[in-house]
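Input: a single structure, listed below in structure tokens.
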Amino acid sequence: MDNKKIRWGIIGCGNVTEIKSGPAYQLTEGFETIAVMRRHLEKAKDYAQRHHVKKFYDDADALINDKDVDAVYIATPPDSHKFYALKVANAGKPCCIEKPITPNYQDSLDIVNAFNSSKTPLFTSYYRRSLPRFLKIKNWLDNKEIGEIRHINWLFCKPKNHLDVSKSYNWRTDPNIATGGYFDDLASHGLDLFAYLLGNFKDAHGICKNQQNLYGAYDTVTACWVHKNNITGSGSWNFGAQKRIDQVTIIGSNGEISFSVFTENPILLNNGNKNEELFIENPKHIQLFHIKGLRDELVLNKYKHPSTGTTATHTSWVMDKILGKL
């Protein structure tokens, strides 16, 4: 790996790599995607041809040990992240892992320890820490636009989908992969963001139920928590509601901030003296700023990336606390 370009290999070429992440690695100056891997060789070949990638494999070891691959992006379902990540750590190559980093805290910790032992950089794709809309919210908070922060609340609901009703297999609701079902996949985004905006969590508790009995994982979770700076929080996630709701409110001593985690609704600031409403559009390839941050740290040495294996492991700890695993 020279100091001008890093050549990436991607393990797992599913939906997330088609638009959200894959093209952003190729569009970022200083990065090149040189190889991809899927378990089915023809699918790997198809992805490589469509995205103009030189090499394709159906063997992860071959990609990881390819001398032309400098760094590895793991974009498989979470239950296989540890398996691949330990191989990358052993190869001593920088790595970025899709979120959640693993389905549980202990496996996340094992990955972080392996990369620490090999003195190799490790990142996780909690890309909201790098999106301009959320950086603006952080700026408001840091400038005390709503005074001292007291509480944060998140209400997220969505209706059941056709996969749920048909009871077709879906790894996102397989309790062996995602104990909390859609909570594992979706709530992790918000909880990780809250740790970034408000500071790390000190404690968390949850109530988890399966109200619909459409799959084995939980379909509703309610939680309360406290951050290390004594800011309190609460959240409710229900995946059998009549309509989609995504509403976060941060309450301060002098006002409040409202926003959505997943939708591009305007972010709202109300502090008594002013009402501010801002629409900040996300990039087409939503991981673009996250990936440019990887470049700025790994190639340019002028940035400390906000989404690391350590920060993601803290999110895994909070998730396990809420799900009653710890």
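Observations on the model:
- Accessible surface calculations at 1.4 Å, restricted to protein heavy atoms, place the chain at 45 Å² per residue.
- Accessible surface of the chain, 1.4 Å probe, proportion on carbon and sulfur as whole %: 48 percent
- Charged side chains reduced to their Cβ positions (Lys and Arg at +1, Asp and Glu at -1) give the range 144-184 a dipole of some 120 debye around its Cα centre.
- Among ILE231, ILE207, ILE177: highest mean-square fluctuation, GNM of the chain, C-alpha pairs under 10 Å: ILE207
- Note on VAL88: accessible area is roughly 0 Å² with a 1.4 Å probe, heavy atoms of protein only.
- Test item: Cα-centred dipole of the chain, Lys/Arg +1 and Asp/Glu -1 on Cβ, debye: 200 debye
- With Cα atoms defining each centre, the range 269-326 and the range 60-127 are spaced 19 Å apart in the structure.
- Overall form of the range 1-99 per C-alpha gyration tensor (a/c, 1.5; a/b vs b/c): rounded
- Neighbour-limited loop hits for chymotrypsin sites (Phe, Trp or Tyr not before Pro), the range 234-326 (at most 13 other Cβ within 10 Å; DSSP other than H, G, I, E, B): PHE262, PHE279
- Of the cross-linked pairs LYS82/LYS292; LYS54/LYS160; LYS54/LYS325; LYS4/LYS144; LYS55/LYS284; LYS82/LYS228, those separated by over 32 Å at the C-alpha level are LYS54/LYS160; LYS54/LYS325; LYS4/LYS144.
- Ranking SER80, PHE183, GLY12 by how far each Cα lies toward the positive end of the dipole of the chain (charges on Cβ) leaves GLY12 at the top.
- Computed about its Cα centre, the charge dipole of the range 72-124 is approximately 200 debye, with only Lys, Arg, Asp and Glu carrying charge at their Cβ.
- FRET efficiency for the LYS228 to LYS138 pair, using the beta carbon distance and R₀ = 22 Å, is estimated at 0.85.
- Exposed loop sites are taken as GluC sites (Glu not before Pro) in a DSSP loop (any state but H, G, I, E or B) with at most 15 other beta carbon atoms within 10 Å; the longest stretch of the chain without one runs 30-147.
- From the coordinates shown, percent of Cα pairs over 35 Å apart corresponds to which of (i) 35; (ii) 22; (iii) 14: (ii)
The values are calculated or read from the model by the stated rules, or taken from the named source; none is laboratory data. These numbers come from a predicted model, not from an experiment. Glycine also receives a Cβ, built like all others from the backbone with ideal geometry; neighbour counts cover every protein chain displayed. Keep in mind that these areas ignore ligands, DNA and RNA; they rest on the heavy atoms of the full protein, side chains included. Shrake-Rupley method; radii C 1.70, N 1.55, O 1.52, S 1.80 Å.
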